[in-house]
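Working notes, structure below.
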Amino acid sequence: MRVLQLIDSLDGGGAERIAINLANCLSTHTEKSFLCATRKEGILKSTISNKVEYLHLQRNNTLDILSLIRLSKYVRVNKITHIHAHSTSFFLGVLVYFLNRKIKIIWHDHYGDSEHLEKRDFKVLKWFSRYFDCIIAVNEKLKTWSELNLKCNKVYFIINFVNDNQSEVLNEEIKGEGTFKIVCLANVRPQKDHLNLLKAYSIAQKQLSNISLHLIGSVNKESEIYRELSNYIDKHKINQVYFYGSKQITQTFLKQFDIGVLSSRSEGLPVAILEYANAKLPTIVTNVGQCADVIEERGIIVPPQDSKKLAKAIITLYNDGNLQDKFATLQYNFVMKHYSSKSVIPQLIKIYSH
C-alpha cells in the first residue's frame, strides 16, 4: 500500500494538520507514505517527517494542465495505490484518477461550517463524488450529509486526531509575561467568532487585571474581520491581546499558556481542542459541532455567541487551580485513549484495504 495525502497548502489549518499527521503516521504502517501540497507551502512544512516523500506541485490555477501531468507521472513512477484527497483537492485527485484508473480516490471532508450545511455549494463535488472509492467525514453530521447528497455509497466517520509522537520543538517565546495566558488556536474566519471571544475577554478583564489573550492562526490584516476585531479592541480599550499568525504547534509551545479556548459559532471536530488536551491545557469550548462530545465533563462547554457565559467560564478556571489540574488530566487521558494515532490509523488502513 502506497498512499498519497493530497492537500492544497501547508498553512496552519486543521485539514492541513490532519493531512500531515496521516502522512507521518502512515510512514511506519504502509510500504511508503507520500504528501503533496498542490498550491502553496506554509508554516507546517517543517512538521513533515523525513520518512515521508514530499512533493510541492506549485499548481497555479484550477485547470493547470502541466501540474496535472506532473502529478499523474509522479503517481505512476512511485506506484501510488491510493490518493487521499483533503477538502477541495478532490478536484485534482479525480483528474489524476482519469489518467490512472487503478488508483483509489479517498475524499476527506473537513468542512468546518457543519452547523449551516444547507448553504453549502456542492454541485461540482456531487458530480466528482461518483469517482470516489469512499468518503471520510470528520463528524456525524458530515457523514449523514454525504450519504444524502453525494454519489458514493461508502461513507465513514473517522475522528480527527493528534500525533502523539510529534517532536518537542519550541518555536518561540510568547508575550504577556507574568499574566494568566488564554490561547485560542483558530484561523481568523467568521465561524471561529473571535469577536465573541474578545467580548468575553473584555468582561473578564474587568475582574481579572493580569490576564492576556493570545490568538494563534492565519489572519489577513487587510480583511474586514480583522478590522472589526481591531476596532473593537481600540474602542473598548482592551489590552494584552496578541495576534501571532500561523505557528507550528507543539506541546512545548502550547504548554506556555494556562487555558485553551474555542469560541466558534460553527465547527466540525476541531483539531485545536485535541492539541489543547495533548498539551494538558484545561479547555473551554462552545457547544457546536462535536466539541461537546470531545469535552463532556472534562472541561467547560458554553453556548455559542454568549460572551457573558464564556467570560464566566474564563473567570471560573482562573480562580480554581484545582479545577484546572483536574480538567487538564482527565482530558489528556481521554484524548490519548480515543483521539491518538493508535486508535485512528488501524481504522484508516482497514478502510484503504476494502
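We did not get these values from a lab; they are worked out from the coordinates using the rules stated. All values reported here derive from a predicted model rather than from experimental measurement. Please note: Cβ atoms are built from the backbone with ideal geometry, for glycine as well, and neighbour counts cover all protein chains shown.
So here's what we get for this one:
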{"item": "Rel. contact order, % - alpha carbon contacts under 8 angstrom, at least six apart, segment 180-338", "result": "25 percent"}
{"item": "Computed FRET value (nearest 0.05) for LYS126 with HIS338, which takes r as the C-beta separation and R₀ as 41 Å", "result": "0.80"}
{"item": "Highest to lowest packing among 233-239, 89-95, 187-193, scored as the average C-beta count within 10 Å", "result": "89-95, 187-193, 233-239"}
{"item": "Rel. contact order, % - alpha carbon contacts under 8 angstrom, at least six apart, the chain", "result": "15 percent"}
{"item": "Assigned charges on the beta-carbon of Lys, Arg, Asp, Glu; the chain dipole about Cα centre (debye)", "result": "1020 debye"}
{"item": "Normalised contact order of segment 1-82, rounded percent, pairs of Cα under 8 Å and 6 or more residues apart", "result": "34 percent"}
{"item": "Most to least packed among 26-36, 278-288, 320-330 [average Cβ atoms within 10 Å]", "result": "278-288, 26-36, 320-330"}
{"item": "Burial order of peptide ranges 251-257, 122-128 (average beta-carbon count within 10 Å, highest first)", "result": "251-257, 122-128"}
{"item": "Theoretical FRET efficiency, 1/(1+(r/R0)^6), r = Cβ-Cβ of GLU173 and GLN347, R0 45 Å, to 0.05", "result": "0.75"}
{"item": "Distance between segment 24-75 and segment 263-338 - C-alpha centres, whole angstrom", "result": "33 Å"}
{"item": "Two-site label geometry, ARG101 and ILE238: point separation in nm, points 7 Å out along Cα→Cβ", "result": "5.7 nm"}
{"item": "Calculated FRET value between SER223 and GLN305, using beta carbons and R₀ = 25 Å, to 0.05", "result": "0.80"}
{"item": "Approximate spin-label separation ASN50-THR28, in nm, with each point projected 7 Å along Cα-to-Cβ", "result": "1.6 nm"}
{"item": "Two-site label geometry, HIS354 and ASN231: point separation in nm, points 7 Å out along Cα→Cβ", "result": "4.9 nm"}
{"item": "Entries in LYS32/LYS141; LYS79/LYS350; LYS280/LYS312 that, when Cα-Cα distance is taken, lie over 24 Å", "result": "LYS32/LYS141"}
{"item": "Value of [θ]222 nm, deg cm²/dmol, for the chain, DSSP H segments ≥ 4, -39500 (n - 2.57) each, nearest 500", "result": "-12000 deg cm²/dmol"}
